[in-house]
Amino acid sequence: MKALEVISHKRDGGEHTPEEINFLLSGYLRGEVPDYQMAAWLMAVCIRGMSRAETLTLTQAMVASGEVLDLHAIPGIKVDKHSTGGVGDKVTLIAAPLAAACGVKVPKLSGRALAHTGGTLDKLESVPGLTVDLEPERFIEQVRAVGIAVAAQSPRIVPADKLLYALRDVTATVPSIPLIASSVMSKKIAAGADAIVLDVKFGRGAFMPDEASAEELASEMVQLGEGAGRRTVALVTAMDNPLGVTVGNALEVQEALDALSGKGDEELLEVCARVTREMCELAGVKANVAEVLGSGAGRQKFEQMLSAQGGHLERGLPTAAVQSEVTADRDGYVAGIDALEIGLAGIDLGAGRVRKEDKVDPSAGFTVDAPVGEHVGKGQSLVTVHARSQELIDRVAPRLRAAWRLSDREVRRPPHVLARVDKNGVTKGD
Ligand code: URA
């Protein structure tokens with residue numbers, strides 16, 4: 001078999017045999033298939049697609065490229081949660097400890113900011129002293145003792161994804177449903193949990209452009225999870241506007257702490273409660289999520305987790321040197337806030353990265369003062385920018401003002417959870 005034959009087979013719209021996929025991936029990992037041939041194949045997959053059987057073979061081959069975490073030492077059903085990425089998406093910081101407070105065991109491996117979307121690890125690292133680098137033994141021990149650990153994925157887990165992802169990132173081959181599904185699910189399967197709740201986002205601030213493609217991605221991922229023997233449920237959620245009222249690492253940790261005390265944006269609290277309920281159901285845990293939230297047990301669990309990972313909340317979260325408002329240039333109702341523009345403005349402030357090796361500024365970000373549905377008068381604040389300098393704020397202000405779409409007519413917030421997908425299919429609505 002030759003790489004050239006495998007590439008032409010896909011270029012011409014053929015369906016790969018498992019042998020072809022295994023040959024190409026293992027050859028690439030050994031350095032025998034060069035980047036340019038792999039990139040050509042990735043582009044062929046982007047254009048021609050892959051069948052469910054091909055995607056499953058690719059996912060299994062990716063899982064087999066590295067270690068699989070063995071979580072048997074943790075009693076009970078372990079539930080993981082994953083989001084495909086968004087702007088202001090701090091759901092993991094709220095739903096995961098809340099689920100742990102309800103009695104679910106939550107071993108969670110997370111990622112860093114990707115493109116304009118935020119990363120849970122970067123957010124957690126804004127807590128002074130906290131580490132996300134937990135060796136497997138410490139990770140497992142923490143889940144046993146505290147009920148939850150959120151850590152960085154070891155480079156020994158799915159090394160194939162690291163290589164493929166870097167190549168996709170620079171060859172315009174990220175937005176492909178089989179490639180995203182195999183990338184995400186290989187990591188979730190290798191992370192060892194028994195059940196997985198996926199939050200598949202679509203819209204301006206997400207990687208999937210519309211509800212139909214998010215639903216297709218969700219179905220693909222659910223089937224991959226179930227095919228690997230993991231109970232998997234996906235929620236399809238809107239990401240046109242940033243989620244909640246903050247964007248930025250330390251700001252989002254503070255918003256999560258407030259939400260876990262029952263205070264905060266209604267939509268954020270609703271989606272977190274929904275994700276938590278799904279996690280409890282998969283774990284077979286009967287709990288009244290609203291009651292647990294109201295009791296403050298979720299916040300206690302989050303603080304316990306932060307401190308188990310070396311975090312010292314009592315030293316305070318970092319705050320920006322300058323905080324300045326960007327104001328509306330006319331009256332109106334807020335009809336939309338372009339999440340992509342907010343994410344990109346966040347990168348300009350240093351809340352995300354331009355290059356892989358960049359350090360994030362934990363204190364940089366935004367507090368949304370005029371959320372969707374609210375009426376603002378000319379000169380009133382749309383958003384407070386938190387940054388290292390006024391110069392940075394002046395630079396992002398025009399982009400931010402343009403991100404706010406104002407309407408003369410009253411606006412109602414659109415629904416956030418659009419569909420639920422499990423092994424039996426798609427259920428529309430909240
Ligand atoms: N997140 C991933 O882990 N992989 C993708 O391909 C896209 C988003």
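Under a straight-distance cross-link criterion of Cα-Cα below 14 Å, which aspartates and glutamates are reachable from Lys162, leaving out those fewer than 8 residues away in the same chain?
In chain and number order, the partners are Asp35, Glu67.
So for the stretch 3-49, what are the equivalent ellipsoid semi-axes in whole Å, largest first, each being the square root of 5 times an eigenvalue of the Cα gyration tensor?
Here the semi-axes work out to 16, 12, 8 Å.
In terms of modelled amide H atoms, which long-range or inter-chain residues lie less than 5 Å from the amide H of Ala351?
Asp361
Positive end of the charge dipole of the chain (Lys, Arg +1 and Asp, Glu -1 on Cβ, about the Cα centre): tell me which of His416, Pro209, Val79 has its Cα farthest that way.
Ranked along the dipole, the leading option is Val79.
Of Arg204, Arg399, Arg230, which has the largest mean-square fluctuation in a 10 Å C-alpha GNM of the chain?
Arg399
Dipole size in debye (nearest 20) for the stretch 3-49 around its Cα centre, Lys and Arg Cβ +1, Asp and Glu Cβ -1?
The dipole of the stretch 3-49 has a size of about 140 debye.
For the stretch 1-114, just say rounded, prolate or oblate: build the C-alpha gyration tensor, square-root its eigenvalues into a ≥ b ≥ c, call rounded for a/c under 1.5, and beyond that prolate if a/b exceeds b/c, oblate if not. Let's see the in-between values first.
On the way: a/c = 2.79, a/b = 2.10, b/c = 1.33.
Judged from the Cα gyration tensor, the stretch 1-114 comes out prolate (a/c at least 1.5, a/b above b/c).
Quick query: amide H of Thr327 versus all other amide H atoms, modeled in the peptide plane; which residues come in under 5 Å with a sequence gap of 5 or more or a different chain?
Amide H neighbours of Thr327, under 5 Å, 5+ apart: Leu382.
Which angle from 0 to 90°, rounded to the nearest 10, does the C-alpha axis of helix 390-403 make with the longest principal axis of the chain?
So the inclination is approximately 80 degrees.
For the residues Arg30, Arg355, what sequence is obtained by ranking on other C-beta atoms within 10 Å, fewest first? The partial results should precede the final answer.
Values: Arg30 8, Arg355 5.
Arranged by neighbour count, lowest to highest, Arg30, Arg355 become Arg355, Arg30.
How far, in nm, would the chain grow between Tyr165 and Arg330 when pulled straight, counting 0.36 nm per residue and subtracting the alpha carbon separation?
Working it through step by step, the gained length comes to 55.1 nm.
By counting other Cβ atoms within 10 Å of each Cβ, how are Ser65, Ser154, Ser381 ranked from fewest to most?
On the way: Ser65 22, Ser154 19, Ser381 15.
Listing Ser65, Ser154, Ser381 from fewest to most nearby Cβ atoms yields Ser381, Ser154, Ser65.
Counting C-alpha atoms alone, how compact is the chain: give Rg to one decimal and Dmax as a whole number, in angstrom.
Computed over the Cα atoms of the chain, radius of gyration and Dmax are 21.5, 68 Å.
For Tyr28, Tyr333, which order do you get if you count the other beta carbons within 10 Å of each Cβ and list the fewest first? Before the final figure, lay out each step's value.
Working: Tyr28 21, Tyr333 18.
Neighbour counts put them in this order, fewest first: Tyr333, Tyr28.
List the relative contact order of the chain as a percent without decimals, with contacts defined as Cα pairs under 8 Å and 6+ residues apart.
19 percent
Roughly how tilted is helix 18-29, in degrees to the nearest 10 and between 0 and 90, from the longest Cα axis of the chain?
Tilt relative to the chain: about 70 degrees.
Order these peptides, 158-169, 216-227, 252-263, by their mean beta-carbon neighbour count within 10 angstrom, highest first.
Taking the mean over residues of other Cβ atoms within 10 Å, the ranking is 216-227, 252-263, 158-169.
Let me check I've understood the local charge: for Lys188, count other residues with C-beta under 9 angstrom from its C-beta, Lys and Arg +1, Asp and Glu -1. What total comes out? Mind showing how you got there, number by number?
Values: positive: Lys187, Arg230; negative: Asp80.
With Lys, Arg at +1 and Asp, Glu at -1, the neighbours total +1.
Can you list residues whose amide H is under 5 Å from Val158's amide H, if they're 5+ apart or on another chain and H is modeled 1.01 Å from N?
Gly66, Glu67
Setting aside same-chain residues fewer than 8 positions from Lys301, which lysines have a Cα under 25 Å from its Cα?
Answer for Lys301, where 25 Å is the Cα cut-off: Lys78, Lys81, Lys90, Lys105, Lys108, Lys123, Lys188, Lys263, Lys286, listed by chain and number.
Packing-wise, with mean Cβ within 10 Å as the measure, how do 75-84, 235-244 rank, highest first? Kindly include the intermediate steps, with their values, before the conclusion.
Values: 75-84: 22.3, 235-244: 26.4.
Most protected by this proxy first, the peptides run 235-244, 75-84.
Based on alpha-carbon centroids, what's the gap between the stretch 19-54 and the stretch 192-216 in Å, whole number please?
Cα centroid of the stretch 19-54 versus Cα centroid of the stretch 192-216: 24 Å apart.
Name the residue, out of Ala101, Ala212, Ala151, whose mean-square fluctuation peaks in a Gaussian network model built on the chain with Cα pairs under 10 Å.
Evaluated over the chain, the most mobile residue of the options is Ala212.
So what J values fall out for the stretch 73-79 if you push phi through Karplus, 6.51 cos²θ - 1.76 cosθ + 1.60 with θ = phi - 60°, rounded to Hz, Gly and Pro as x?
Result, ordered by residue: 5, 9, x, x, 7, 8, 10 Hz.
Among residues other than Asp329 whose Cβ falls under 11 Å from its Cβ, what is the net charge (Lys/Arg +1, Asp/Glu -1)? Don't skip to the end; give the middle numbers.
Working: positive: Arg330, Lys378, Arg401; negative: Asp331.
Surrounding charge for Asp329 is +2.
Laboratory data are not the source of any read-out in this text; all were calculated from the coordinates shown. Keep in mind that this is a model prediction, so the values were computed, not measured. Every residue, glycine as well, gets a Cβ built from its backbone with ideal geometry; the counts of neighbours run over all protein chains shown.
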